[in-house]
Structures are given as C-alpha cells and as structure tokens.
1. Please compute the Kirkwood hydrodynamic radius over region 389-501, one decimal place, Å, based on all pairs of different Cα atoms.
2. Mind checking which aspartates and glutamates have their C-alpha under 14 Å from residue 498, skipping anything on the same chain fewer than 8 residues away?
3. Normalised by the empirical 2.2 N^0.38 Å for globular proteins, what value does the Cα Rg of region 438-477 take?
4. Of 220, 428, 212, how do they rank once you tally other Cβ atoms within 10 Å and put the fewest first?
5. Treat every Asp and Glu Cβ in the chain as -1 and every Lys and Arg Cβ as +1, leave all other atoms uncharged, and give the resulting dipole magnitude about the Cα centre to the nearest 20 debye.
6. Could you tell me the relative contact order of region 528-648? Use alpha-carbon pairs under 8 Å, at least six residues apart, and round to a whole percent.
7. Considering the dipole of the chain built from charges on the beta carbon (Lys and Arg +1, Asp and Glu -1) around the Cα centre, which of 619, 193, 206 is farthest to its positive end?
8. With helices defined as uninterrupted DSSP H runs, which ones in the chain have an alpha carbon span along their own long axis of at least 24 Å and mean Kyte-Doolittle hydropathy of at least 0.5?
Amino acid sequence: MINTFYSLDTLGTPAALFLALLIGSGFGFALERAGFSSSRRLAGVFYFTDMTVVKVMFTALITAMLGLSYMIGFGWIQLDQIFLMPTIYGAQIAGGLLFGVGFVMGAWCPGTAAAGLAAGRIDALVFLLGTIGGSILFNELFPVIRSLYTAGDRGVQMVYAAAGMSRNGFILAFTLTAVTAFWLSEWVEKKRTGHAPYLGSPFLKVFSMALVTLAAGLFVLTPATVTGINETVLMEGVENAKDHIEPEELADRLMAGEPDLVVVDVRPASEFNTFHLHSAINVPLARLAETLQPNKNKGLIVLYSNGMTHPAQARDSLQRQSFSNVYLLTDGLQGFRDRCLKPVSLRPEPLTAEAAARVNAWRAFFAATAVSSKIGAVTATTNASIPRAVETDQLESMLGTPGLKIIDLRPQPEYNTAHIPGSLSLNVESLRGNIGGMPSMLLPPPMLAAQFSLLGLQPADTVVIVSGEKLYDTTLAGMAFERMGHLNYAVMNGGYAKWAQEGRPANAALPANSKSIYPEKKDADNFTVDFHTVAAALGKSGTVIIDVRPADFYTGNKSDEARAGHIPGAINRPFTEDVVTNASKVVLFKPTEVLAAAYRQIIPSEGTEVIVHCRTGHQASQTYFILKRLLGYPNVRWYDAGWTEWAARPELPVTNQPDVKSRP
C-alpha cells in the first residue's frame with residue numbers, strides 16, 4: 001500500500017516540496033514541448049486552427065483517471081489517501097467564468113503562463129503579474145466575498161454517482177468521449193488548415209484502441225471497485241475474522257481508556273438507554289457515515305448490537321465508503337455479557353486465578369459504568385452517551401455504590417460546613433497552572449495523574465462532580481477527566497445549592513481516603529487545540545468557531561485582555577445562554593431539546609468541526625460539555641488558551657464586526 005503525503009499529513013515537509021518541484025518542472029517541460037508557451041497557438045483553439053489544447057487536456061485527464069483507477073484496482077492506493085476537491089457551486093462557477101474570460105482575452109492560464117515566461121514571453125509575464133495581483137485582491141476582499149467562497153458547498157461529490165452510473169462505467173464513457181474528441185479535433189484541423197498528420201494514422205488508431213481497452217479492463221480487474229474498495233481484500237478479511245474484535249479485547253481497551261476508540265451501539269435508543277457499553281454512542285444506521293466521518297480511518301470503530309446482522313450490514317456499507325477501520329464485536333452485546341460480565345461462579349468451566357481476576361476487574365469496571373448509565377434525566381436528542389448531567393435525586397439513589405466518587409469543588413469553608421456524604425474536596429484551580437508562560441492552562445497529564453492519585457481515584461471509578469455557584473466549574477474539572485481519558489464522569493445539575501435546597505443528606509465528616517496510583521495518560525487529549533489550529537481554521541468551510549464570552553467582550557465594548565474584539569468569523573453564543581437560574585437562584589442547564597435547537601442554528605451539521613473558546617477556557621468548558629456530552633456532536637475542539645493568548649499575539653487578526661449567526 002502506498003502512503004501519500006496527504007494521507008500522512010506531511011505535505012509541508014521538505015520531501016513533499018522537493019517532489020512538488022520535480023513534478024512541477026516536469027509538467028512545465030511537457031507544456032512547453034506541447035507548444036503551450038505560445039499564446040498564438042493557445043488561441044488557435046478558438047479559431048479551430050490548432051486543437052492542441054483540447055488534445056493535451058483530454059490526454060492528461062485520461063492518463064490521471066486510468067492510472068489512479070488501476071492503482072486502486074491493484075490495491076496500491078486507496079481513494080481516501082488522496083485529496084478530493086469539494087464541490088462548491090457558487091465559488092467554482094464564479095471562478096470558472098473568471099478563468100474562461102481571462103483565457104479568451106490572453107490565451108493564458110496560470111500554468112501555461114509560467115511555461116510561456118520560461119520561454120521569454122512578455123505577455124505571459126504580464127498575465128502572471130495580473131494573477132498575483134488578483135490573488136492579493138482576493139485576500140483583501142475576502143471578508144466581503146466570504147459568502148461566495150462557501151456558497152453551494154456540497155462537500156466531495158462524484159460525477160458518476162450524480163449521474164447514477166458506476167465508476168467503471170463512467171470511466172469507459174469518458175474515455176470514448178475523449179477518443180471521439182481526438183478524432184474530431186484532427187478532422188476540424190484538416191478542414192480549417194488542410195493539415196492533420198494524425199487523422200486516420202496507425203498511431204491514432206492504436207492509441208485510441210489502447211485507451212478503450214484499458215478503460216474496459218477495469219471491469220475485469222476490479223468489478224466491485226466502484227467506491228475504491230477491493231472486494232477480494234474485504235472478503236479475505238471477513239474469512240480470516242480480521243473484521244472482528246473479541247469481547248475480551250474490547251473490554252481491555254475500554255478499561256485502558258484508549259483515546260481513538262469509538263464504540264457504536266446501533267440498537268434502538270430505548271434499548272441503548274436501558275444498558276450500553278461504557279462510552280458507547282448510539283447512532284441510527286441512516287446517520288452512521290455522517291456521524292463517524294471525523295473518525296474515518298483514524299483509530300478504531302467498533303459496531304455492536306444484540307447480534308451481528310445489523311452491525312455487519314453497517315460495516316459493509318461503511319467499507320464501501322472507504323472506511324477501513326470498522327470492526328464488529330464478536331457475538332454482539334450478548335456475547336460480551338456472557339464472556340466478560342458473567343460471574344465466575346456461574347461459568348460452566350473453572351477459570352484460572354489470573355482469568356478470574358480479569359473477569360472480576362471487568363465486572364467492577366462495567367458495573368460502575370452501569371451505575372453511570374442511569375445518569376439520564378437530561379437526555380440528548382442526538383443520542384449522546386455518558387457522561388451526562390445527573391440530577392440530585394439520581395445521585396442520592398447512588399450514594400454508597402462501590403466505585404462511585406463524588407468531588408465537591410466549593411471553597412473549603414463551605415465544604416467543611418456541610419457536604420454530600422463521602423464527597424471529597426477539590427479546588428478547581430488546582431487543576432490549572434502556568435504552562436509555557438500562558439496562565440490558567442489545564443495541567444498536563446503527569447500532574448493531573450498525581451492529583452487523581454491523591455484523591456484515591458481509579459480508572460474504573462464513576463465520578464460525579466459537584467459545584468457551588470458556578471456550574472461551569474464542574475465542566476472545567478470535567479476537562480481534566482477528558483484529558484486523562486476518564487470518560488466515566490458526570491456533573492450534578494444545579495450543584496450543591498440544589499442539593500441543600502431540597503434537604504438531601506449532608507454531613508461534615510471528612511471521608512477516609514487512601515492514595516492510589518492513577519496511570520498517566522499521554523495521548524487521550526485529541527480535543528485541545530492551540531492558536532495555530534484556530535488560525536488555520538479561519539475562513540475554512542466545515543469549521544465553526546464559537547466565542548462563549550459575554551456579548552460586550554465579543555463586540556469589544558469591554559476588554560480585560562491585550563486587545564478588544566474577537567476572532568474573525570467567530571460566532572458569539574455566550575455560555576450564559578445555555579443555563580437558566582430558577583427562582584431559588586439555582587443555576588441549571590437548559591433542557592436538552594432547547595439547547596439542541598439553538599445549536600442547530602449555528603452548526604450546519606452533526607459532523608461539522610466546532611472550536612469553542614472563551615478567555616481562559618473556563619466558560620468554554622461548559623459549551624464543550626454541552627456539545628460533546630449532552631448533544632453528542634462528535635467533532636468538538638477546545639481552545640484552552642483562548643482570548644488571553646489570541647489577544648496577546650499581535651500577528652493574529654482581531655475584529656469587532658459580529659457574525660450574522662451570533663446568539664440565535
């Protein structure tokens with residue numbers, strides 16, 4: 001299998017630059033040899049006296065199309081390893097018209113102008129200078145024409161799919177069209193100039209027959225490569241059970257908190273809400289590809305249901321859409337229960353001491369998960385999984401459950417006066433510090449692991465976080481658990497104020513607590529981004545930046561940092577819009593259906609990349625929790641350094657102009 005620079009994300013390396021220069025030089029040499037360094041010859045196509053442009057362009061298209069198709073057919077490359085140009089109707093129609101007008105006026109395009117300049121053509125130099133000037137003008141006018149830049153964005157669309165054809169059928173039809181164009185071009189030149197050396201020549205006949213034969217050969221070589229999947233390889237994987245993952249292996253991976261593991265429950269939502277595996281997400285089959293797009297060929301995707309029929313059908317569909325990292329849970333959920341969760345005493349055969357200990361560890365871990373699966377008064381309309389916001393009555397019913405840890409974030413005097421029985425005190429600011437000169441940053445994994453160890457936490461524990469007045473304190477602490485891959489946590493809706501108001505159990509006893517050795521997780525954080533990532537996302541279709549600061553700070557009317565304003569293109573949705581204060585001054589999350597409706601107005605689709613930020617990451621942690629854990633958006637990122645860093649870097653752009661979608 002060939003790994004491309006694009007698939008390896010190494011397009012910016014010296015090796016990629018060298019290869020680009022080599023290919024570009026070869027391409028320029030070919031253009032010059034074909035006569036593309038002469039504007040007179042290029043203009044000949046408009047007068048039907050020289051059809052070289054038509055013949056060369058069709059040759060290039062056919063060569064690339066057939067070459068790529070055969071490489072896919074031989075299994076040397078996969079379609080998803082190549083950058084596929086998205087279809088953006090508005091921008092491409094406008095750009096095509098500008099390109100066409102320019103070509104008619106000067107007979108140059110950027111590539112042929114470069115070839116012409118190399119041959120000493122002055123008009124080619126003028127055209128290239130115009131191209132550079134146009135690029136600068138586009139950059140300066142971008143805020144004005146931004147809407148056109150993304151108008152009609154339909155993502156990657158294949159012509160053959162839109163035409164209702166198979167890929168191989170389209171290739172054959174296009175090849176026949178190209179061959180016809182070759183013959184027709186020669187005929188036109190003969191009529192206009194009386195000279196057409198290849199018309200009816202043995203070369204053109206052999207060349208045409210070779211192209212048609214190669215196009216037809218794809219039906220023999222890869223009859224089922226319509227979507228770039230080699231079915232022989234697929235079926236060999238099925239035969240050798242390479243598309244399965246055993247329950248024991250999945251249980252170990254879940255306990256280890258593997259960061260790029262996505263477990264998908266395809267059962268109906270009612271069954272999912274009754275019981276599901278730790279950190280599993282519930283996705284309807286019809287929305288599977290869209291939801292899992294950010295995880296395509298990254299990490300491991302495991303599908304499960306009660307049995308294996310529906311996951312197998314879903315796996316086949318995803319693999320035909322170029323997903324190569326999808327696996328089935330062997331024997332489904334029932335097999336997982338029988339092989340991992342059945343008590344040792346009920347097994348038909350005795351287990352070794354080591355195997356019994358392994359089973360008991362699984363049972364303890366997933367029993368704790370089952371407790372947290374009861375957390376669900378706030379139910380996401382988009383099938384979000386745990387952790388969720390837990391209500392006071394639900395937490396009270398879980399008190400004393402083995403593996404349950406409650407963390408109280410209120411100031412110590414308040415905790416010392418009264419707290420939920422068994423809860424541990426923690427200052428939320430102890431989870432942050434100065435990292436690389438940047439204040440109030442979430443601590444790195446080694447320091448968080450030390451904090452968790454002092455609290456006596458274990459990876460299998462179910463953690464419920466309780467706040468005082470600030471509900472977003474709980475979500476900031478939640479980011480620490482996210483960074484450690486400890487996803488079995490929840491926040492208590494309403495905090496301790498609601499608990500006390502309802503007269504629920506409380507005492508002042510300090511619980512006995514033994515230090516643990518919490519394992520350090522170095523690679524669980526795939527959601528925190530820096531300013532480089534945010535800057536690269538500016539103006540990028542498919543990415544939404546949400547600024548959750550109060551509106552006055554977003555508009556620049558108020559400022560507590562180096563500069564006032566906001567990141568260009570960022571949408572303002574203040575964190576306060578997501579909560580409500582009741583008559584007793586208790587802060588609660590708004591109903592999930594209300595939150596879902598609000599965010600649907602500013603986030604185009606479930607698979608959209610979303611970057612949230614505030615000033616120091618504190619308030620934005622609440623928005624992250626809502627989007628990721630309550631609403632189930634799969635592709636949410638957290639800019640921890642936030643406006644503190646962005647405003648302090650003078651090279652980064654700042655604006656005071658609001659986005660039209662702000663604050664729905």
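1. When all Cα pairs of region 389-501 are included, the Kirkwood radius is 14.3 Å.
2. Output for residue 498: 391, 393, 396, 408, 469.
3. Ratio of Cα Rg to 2.2 N^0.38 Å: 1.33.
4. Least to most surrounded, the residues fall as 220, 212, 428.
5. Dipole about the Cα centre, nearest 20: 1220 debye.
6. Relative CO of region 528-648 lands at 33 percent.
7. Value computed over the given set: 193.
8. For the chain, where a helix must reach 24 Å along its axis and average at least 0.5, the hits are 14-33, 52-73, 89-106, 122-149, 202-221, 353-372.
No value in this document is a laboratory result; all are computed from the given coordinates. Every value quoted in this text rests on a predicted model; they were computed, and no experiment measured them. Don't worry about glycine lacking a Cβ; one is built from the backbone with ideal geometry, like all the others, and counts go over all protein chains shown.
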